[in-house]
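Right, one structure below, let's go through it.
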Amino acid sequence: MKFIKSEYNQFIIRQADNSDILSIKNLVFTVLREYGLKPDETGRDIDLNDIEKNYTNRNGFFGVVVDNITNQIAGTFGLYYIDKDICELRKMYLRKDLRGQGIGKFMLRSAINIAGEKSYQKIFLETISPLKEAIALYKKFGFAEVKPHEINERVNMAFELIIR
């Protein structure tokens with residue numbers, strides 16, 4: 001299992017497994033609702049029903065940010081296999097009380113590094129405009145806006161980052 005320490009020492013990133021599914025869903029769905037978005041366990045969020053099958057076993061990665069003090073999951077992000085060169089950044093969410101402290105940067109930097117270690121050349125992501133903090137972070141890291149594959153109730157923007 002991969003562990004990445006943050007500069008805060010209170011948080012680590014570790015690879016999630018299926019024993020984390022309930023905690024992951026709780027965090028992801030809580031954040032979605034904060035922004036007025038609906039969780040969709042049989043559609044857009046179906047990948048969360050089997051983390052190992054949908055991420056780990058497909059040259060992807062699903063990371064959880066764990067608070068070393070409380071042992072609670074504080075954030076999530078997934079790198080979902082698209083093809084041998086492209087992964088999709090999915091489910092990057094952080095607890096509301098921890099935003100604005102640099103933890104999102106730690107998560108995104110870790111995601112980019114892991115994607116590179118897995119030999120991906122590009123990271124693609126889709127998002128929606130109310131997630132202003134996340135969009136600003138993506139742009140700060142060099143993600144360029146591209147046309148989304150599909151517009152729906154949870155997607156109206158897309159970005160990509162060339163990492164090789």
Quiz item: What's the exposure ranking of 62, 106, going from fewest to most Cβ atoms within 10 Å?
Solution: 106, 62
Exercise. Would you mind ranking 22, 79 by Cβ crowding within 10 Å, fewest neighbours first?
Key: 22, 79
Exercise. Determine, at each q value in 0.25 (inverse angstroms), the log₁₀ of I(q)/I(0) that the Debye formula gives when each Cα of segment 97-164 is one equal point scatterer.
Key: -1.16
Self-check item: Given charges at Cβ of Lys, Arg, Asp, Glu: the chain dipole, positive-most of 27, 54, 94
Solution: 94
Quiz item: For segment 10-29 and segment 114-164, what is the separation of their C-alpha centers, rounded to whole Å?
Solution: 21
Exercise. Please order 127, 56, 76 by the number of other Cβ within 10 Å, starting at the fewest.
Key: 56, 127, 76
Self-check item: Binned Cα-Cα distances of the chain, short to long, each 5 Å bin given as a whole percent
Solution: 2, 9, 19, 23, 23, 17, 6, 1, 0
Quiz item: Mean separation of Cα pairs under 8 Å and 6+ residues apart, divided by the residue count of the chain: what relative contact order is that in percent?
Solution: 17
Quiz item: Placing +1 at every Lys and Arg Cβ and -1 at every Asp and Glu Cβ, with all other atoms neutral, what dipole size does the chain have around its Cα centre, in debye to the nearest 20?
Solution: 440
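Computed from the coordinates by the stated procedures, all read-outs in this text should not be read as laboratory data. Small disclaimer: the values here were computed from a predicted structure and weren't measured. Heads up, the Cβs are rebuilt from the backbone with ideal geometry, glycines too, and the neighbour counts pull from every protein chain shown.
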